[in-house]
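First up is the structure itself, then whatever we jot down about it.
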Amino acid sequence: MARGRRLLEILSKKPVRKGWYIFVILFFLLLILLPTVYVLSYLVTGWDDVSNYVLSDKKSSTLEWTKSEDELFAGYEAHASTDPNFYPDASTLEILINPLSGHVSLNTSRSATSTIVNTLQADQGHFFRVLVVDDNGLRAVSNAMSDDVSSQLSFPSIIYLTVSNISGDDLTLNWTRSEDLDFQRYEVYYSTDYGFVPGPGNRVANITDSQSNSTTVFAPQPGSHFYRVRVVNSQGMWAESNQHGISSIGEKVDSPVPVSLQYTFSESTLDSITGAVTLSFQVSVVATLIDFVVGLPLAWYLVRKSPRWKDQLNTLIDVPLAFPTAATGFSAALFWGMTPGIVDKPLGALSITSSPVILLTLLMVVFSFPYMVRPLASILEELSVEYDTVAGTCGASKFTAARTITLPLFRAGLVTAVTLCLAKTLSETGGVMAALATISSREVNATALIGTWKGASVFNPSLVPGLAFLSFLLIMLSLTLIMVAKFIIMRAKLPIKKVWPKFERRLSRGWVPKAKDVAVFLFLIIVVLLPAFYIFGYAATPQAQHADLAGFWNSLAYSFFVAGIVTLIVLVLGIPMGILVARHKNRRVASTLDVLSNIPFVVPTAALGFSLGLFWSTQSIIPVTSEILIIIMAHIAFTYPYVVRNVVGALEQLSPEYEETARTLGAKPMQGFRRVTFPLIKMSILSGAIMTFTRSVGETGATIAVSPEAITAPVYIVSLIKSGSYYVAGISSAILIIFSFIVILLIRALIKRGA
Amino acid sequence: MGLELRKISKKFGEVVALSDVSIRIEKGEYLVILGPTGAGKTTMLRVIAGLEELDSGDILLDDKIVTKADPEERGVVYLSQTYSLFPHMNVLENVEFGPKVRDWNPANRERIVSEMLNLVRLQDRVDAFPHELSGGMKQRNALARALSTNVRTLLLDEPLRALDARLRLSLRTELRRMSKDLGITSLHVTHDQEEAITIADRIVILRKGKIVQIGTPAEIYDNPVSPFVQHFVGEANFFCGTIQEKNEEGSLVKCDGLKVSATATDIPVGSEVCVGVKTERCHVTRGKEEGLNKLPGTLERELFLGRLSSIEISSEYGNLKAKVLAEVSATMDEGEDVTLHFDRDQAIVFPIPDEGLEKELEVE
Amino acid sequence: MPRIELKNVSKRFGKIVAVNTTNLTIEDGEYLSIVGPSGCGKTTLVKLISGVWESTEGQILIDGKDIANVPTEDRDLGYVFQGIELFPHMTVWENTTYAPRVKDWPDEELVKTGEDSLRLVNLLEMRETFPGQLSGGAQQKTGIARALATKAKLIILDEPLSALDARVRIDLRYELRRLVKRLGLTAIHVTHDQEEALSVADRTVVMKKGEIVEIGTPRQLYEKPRHIFTANFVGEGNFLEGSVKRMPGKWCQIELRNEQFLFVPPMDVTEGDALVLFTRPENLKFCKDFSTNSVPGEVREVQFMGSFLRYEVMLATDDPVLVDLPIQHERVYAGDRVMVEFNPIDTLVFERPPEGLREVLRLE
């Protein structure tokens, strides 16, 4: 007790207090704000790269292939050429995917089954093949794909070759039959050379029967004999099998199984950026509008009608805040989307859309709905009900009063709500990636594009300029959009002069208001709650019971560890900042800090994460290489405003007279804070802490934008969906949601007991 | 010596809250600071408490300069309008707050806390939380909290404002009595002139950050230094005119066909002046009478106040007001001819204010 | 023309009874004030009349018509609020013309109504000002203009002056009464300030704990209250407990504590009945010698009250009493022994309340 008191006294000393505040400000400015916007500086230093890779006539080509399961797997190679019949060699190599080229683990390389080639000329069509290389240097070539839509060429699919030693000096070659409609022949290649390249010189047989799938060849023992088989179609295009044969000591030697190139798509780099950004903004604006149209009546209902089950209703509305977005995204996509790869969806799914725009908009409404209702409700709460009464006694019907009095006074709250909604929807990554993967959509929005490119940039550093440009664009446009929205809301002239008493009276009574309430509730249930909770139904299907969750538990532990540390640090640094903003005598300092501390709020987290990663890898003053540390810093950056906002809000509500009275009664500043202020704003701090925790656990964008290797729970869920493990993803999502809830309840209980 | 303010000034941006204010307040004095909203009253308390920094000037407590001292070092307790009882603490915990943060030994603490709770008669409500207390109890709780810190100076910011009017009448004297019994120096801010007159040892009239007058209630009431003071502390009727003659005993002022015999003045003969008479010092009789300091007119309206009635008379010299005993007004009817008169001693001569009389009399 | 009748009106919030079976009739053109301590149900009562809340039981009739199903906006009344509640995003003009606007009156009528209303409160030149830039008094005047612009004949004034400075309050209450009478409105004025209630109204209703205690003209309530609560609430007074000693014909002799006696006019009591004597401070006097109707005592304190002096005297009956005397009175000082003379005509007698005198006199 005595020691605690001495500590408080020391902390109350002016120099100590000042020093601490200065530390808090510096930490914020240098380690949160600066890294958040660091990407802007890259545009200056790396402008040449930006103009070379982004603003030029280059295209970005996405390749996706199946994962290699080869035991000796060493890496992939992506090759491109304008020649449809090219054979991959050093001159056609575009991207190397192996542990050395990406400084990553072998497993990461193996899982990297997509890449982006961004160095090809946009005005030409290209042909792509992907190679798998193993430890012995043996390679397997995938089928070819073209990004040239005008090309009439078709390519056969890969086949697999095995040899079997029947007897003596004969070998039997067996291959999988080609299904190619345009089949012309199989070509058999033979060499005694272990790493041979098939060519006219070593072709040993042509087989024109498509039904044929084996042949016997003479292979005297001992000796090394290696074979490949090609499928050739009528256009002369080929696909090649793996290489199989026996070595001089009679062992079978197998090259890796070739992977199957499944998807290529090219687009001018700039086009893909603008396309993604446009999608983001489209979805964000429409979702915010929907939020407003429905959120306003709901907020009104909550505050003005103050129903008996108001608390429960509030909790329901807040549910999406606690749900990790990747889980919600998966859930909503299952509910709304036509999901080609997924069978056995339980009852209730609507499955009505395959359009990414519609799905994302619906999804964003789920995510952002609470961000609209909360501020609207709280500003309504503040607006004296008496205004309505005054208007009533002046002869205004309820509708007229709302339209002419309450709504115009609403602007400030509306600005907050719209800012939050826009920021949230522009920033959302995990949910988007999960949803798009669920409906197997290739279209991406800006944050998902950052995620994809950042993932690919591990093996393709030339993507960094594009990422920087995209992040910059996203940040700038977000800020602009939010400022424009604010300007419109604050300045828009509302038509409040003219009143139509009869008409508005009819709107105020009878069935109209009732219908409105019913509609709003239906919306809340069908559009927000059902899609969010649908995952539990899916996770409860019998097939899901056998899911292997080991990987998920690891990622969950990782997530909670990060979120715990982040919450602690944000509390320690955010509370003093909140106090500074709310109570600093110099209002100019206070409002500057206020504006600055809100910036991370409106910076989309994926862009923020990328910027942060760039900062830590570029600056050399503080050597931080640990990825988890950078992830923690990134999570601190985007959660920081939650605590600051909450503390500021609570302190602004709390009359400074309490602290002042405490001091005139003899309390040192820290004593006053501990005994008077803190207990009174505790609940706000708590809710800030819960927000921080849940946002950190649920965050995908900032995490993958820092490091694609960090497997937090939502990142893991997204990767599960992408790889088609839907049931595991479903169970994992449900568990993640439940765990998030449990932690929230625990924190609440702990703090309550502490009081 | 209790408290001294030496030429203190304070500005908020462009707004002058206090300008060159100097006062000496004796130990144990009950000083009331009276003024309209925005006069700088609250600022004055806040700078004394150390809650605002001064732009210039010095504050002395017991002859020691404390201008730069932290609030907790001054031994001055500030009670805001709403009392600022800590809402998460009960009556007892609120009272214990001061002793606890000072880390007094528990025995000592308990003694003083129970003493104070007894003093304010809240010993039976120690477990109640502020929101469960009535307005008067809150005030007593806040007082006990302040007194338990061995406070020497109490700053009361409109302590009665939050209470019902009738309760205010009962509680205002109680405040003064408690402060006097404990020998505490009190500064009590109010905008209510009746409250000020009733409880103050001395009153400071503050307006636009400046001290207009300091004096005992009787001095302020009977010898106002300006029309504003005369009008603000009880209403007054004013007549503007020029001094026609004067001697040591009185003066004669001519105002548009009306001659007013007023108190003596230094202002030279022929100067434009205004003469103010407190409405409570006017008499009203039935019937029309002419003569010096007699103003005939018609009784326009009577407002019953209880002991007194406020009477409005329309006369050729403008609308006049008088406050007379209710038993007197009971004999008169609205619309009746009456005469308002006053004694020479009650008619005080002032120079015409710089900004004109109307501006001078504004109470907001 | 509005004549308002409340028949057995009750309003309950859950278990709390805010208004209990109340009957009240307000005549056309009457200025009625409702006064009572916080939480007595006075505001609830006018909220029921205005339709902000629905009554739990009973009928409210305006001109004989039950208005239970008429929403506020159709009740045709003006309402002035305690919190003033001017629409902050509208100018004085827009606030004032809000009612004409929402009723979609033609432009000429709107302009005329707005101008008339603002002219009545002398704010026409402030029409383009926003409420935030107005002083408290001007804000409430705008609030009044806004209510007047409804052209309703019934105006409800819900603590209209509570938010204002004491001095402004006094000026504005005169204004209110003047306006209401000039326009021939029916007014219901709710306040907790007894002086305000008495001064503005034709008739005053005193409420306590959801019930009407007494209705009467201000003068009657102050001078001849029928209920002991009224006596205490509408102004300060002295209460002495005693019992009937003898009834020797013309006067009735009351025995106070410590063998002191007083005479009061005869009444319908029997010997031994427990009573409370009541007199206002201004009805007491000091007399030099022992007179038939006096009680000895010692002056504890003398207070300057502006137009009079207030003496606090501890009577030989152990009752503290207040005595208000004009200033010209021969001065008496604290510590002096005096005889306090009771005027039998002005001394009222109440039955001693079964719950005890203190309980009845409690103000909160």
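The values are calculated or read from the model by the stated rules, or taken from the named source; none is laboratory data. No experiment lies behind these values; they were computed from the predicted model shown. Cβ placement follows ideal geometry from the backbone for every residue including glycine, while neighbour counts extend to all protein chains displayed.
List of remarks:
- Criterion applied to A:458, A:444, A:418 was being buried (at least 24 other Cβ atoms within 10 Å of the Cβ) and hydrophobic (A, V, I, L, M, F, W, C), and the one residue passing it is A:418.
- Filter result for residue A:556 (among the aliphatic types (A, V, I, L, M), over 24 Å from residue A:649 (Cα atoms) and away from chain B (no Cβ under 14 Å)): yes
- Check on residue B:329, crowded, with 18+ Cβ neighbours inside 10 Å and free of Cβ contacts under 8 Å to residues at least 40 places away in the same chain: no
- Looking only at residues in the stretch C:300-333 that are more than 31 Å from the chain's Cα centre (by Cα), surrounded by 13 or more Cβ atoms within 10 Å (Cβ to Cβ) and over 21 Å from residue C:231 (Cβ atoms), the one that is modelled with the lowest pLDDT is C:332.
Conditions tested, residue by residue: (1) at positive phi; (2) away from chain A (no Cβ under 14 Å).
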{"site": "C:25", "(1), (2)": "no, yes"}
{"site": "C:38", "(1), (2)": "no, yes"}
{"site": "C:51", "(1), (2)": "yes, no"}
{"site": "C:57", "(1), (2)": "no, yes"}
{"site": "C:61", "(1), (2)": "no, yes"}
{"site": "C:65", "(1), (2)": "no, yes"}
{"site": "C:69", "(1), (2)": "no, no"}
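- Options C:214, C:236, C:196: the member that is at the interface with another protein chain (Cβ under 10 Å from one of its Cβ atoms) and in contact with a His (Cβ under 9 Å, 6 or more places away or on another chain): C:196
- Candidate set from the stretch C:43-84 (those that are acidic (Asp, Glu) and part of a loop (DSSP other than H, G, I, E, B)); member that is farthest from residue A:394 (Cα to Cα): C:63
- Search result, residues across the stretch A:646-660 that are of a type in the set (D, E, K, R) and more than 7 Å from chain B (Cβ to nearest Cβ): A:652, A:659
- When residues of the stretch C:85-122 are limited to those that are outside any loop (DSSP other than H, G, I, E, B), surrounded by 23 or more Cβ atoms within 10 Å (Cβ to Cβ) and among the hydroxyl-bearing types (Ser, Thr, Tyr), the one nearest to the other protein chains (Cβ to nearest Cβ): C:98
- Where residue B:351 falls short, out of the listed (1) closer than 15 Å to residue B:281 by Cβ; (2) more than 14 Å from chain C (Cβ to nearest Cβ); (3) exposed (fewer than 15 other Cβ atoms within 10 Å of the Cβ): (1)
- Evaluation of residue A:32 against (1) at pLDDT 90 or above; (2) crowded, with 19+ Cβ neighbours inside 10 Å (one fails), failing number: (1)
- Filter result for residue C:324 (part of a loop (DSSP other than H, G, I, E, B), touching a Lys or Arg at 6+ places or on another chain (Cβ under 6 Å) and not hydroxyl-bearing (Ser, Thr, Tyr)): no
- For the stretch B:89-112, the set of residues classified as in contact with a helix residue (DSSP H, G or I) (Cβ under 6 Å, 6 or more places away or on another chain) and away from every other protein chain (no Cβ under 13 Å) consists of B:91 only.
- Among the conditions (1) over 30 Å from residue A:178 (Cα atoms); (2) touching a residue at least 24 places away in the same chain (Cβ under 8 Å); (3) assigned to a loop (DSSP other than H, G, I, E, B), residue A:288 misses just one, which is (3).
- The number of residues in the stretch B:15-63 that are more than 23 Å from residue B:180 (Cβ to Cβ), in a loop (DSSP other than H, G, I, E, B) and away from chain A (no Cβ under 14 Å) comes to 6.
- A count restricted to the stretch C:331-364 and to residues that are touching a residue at least 40 places away in the same chain (Cβ under 8 Å) and not in a strand (DSSP E or B) stands at 13.
- Wholly enclosed helices (runs of 4 or more DSSP H) of the stretch A:537-648 bearing at least 1 residues charged (D, E, K, R): A:550-583, A:587-602
- Pairs where the first residue, in the stretch B:157-171, is within 7 Å of another protein chain (Cβ to nearest Cβ) and the second is of a type in the set (A, V, I, L, M) and surrounded by fewer than 22 Cβ atoms within 10 Å (Cβ to Cβ), C-beta under 6 Å, 6+ apart: B:166/C:363; B:167/C:363
- Residue satisfying all of: in the stretch A:661-681; more than 46 Å from the chain's Cα centre (by Cα) and closer than 20 Å to residue B:147 by Cβ; farthest from the other protein chains (Cβ to nearest Cβ) among these: A:662
- Some residue of the stretch B:274-289 being within 12 Å of chain C (Cβ to nearest Cβ), modelled with pLDDT of 90 or more, under 23 Å from residue B:321 (Cβ atoms) and over 25 Å from the mean Cα position of the chain (by Cα): yes
- Residue tally, condition surrounded by fewer than 19 Cβ atoms within 10 Å (Cβ to Cβ), in contact (Cβ under 8 Å) with a residue 12 or more places away in the chain, in contact with a strand residue (DSSP E or B) (Cβ under 7 Å, 6 or more places away or on another chain) and of a type in the set (S, T, N, Q), over the stretch C:251-268: 0
- Restricting C:241, C:195, C:271, C:214 to those that are assigned to a strand (DSSP E or B) and free of Cβ contacts under 8 Å to residues at least 60 places away in the same chain reduces the list to C:214.
- In the stretch B:26-46, of all residues being β-branched (Val, Ile, Thr) and at pLDDT below 95, the one that is surrounded by the fewest Cβ atoms within 10 Å (Cβ to Cβ) corresponds to B:37.
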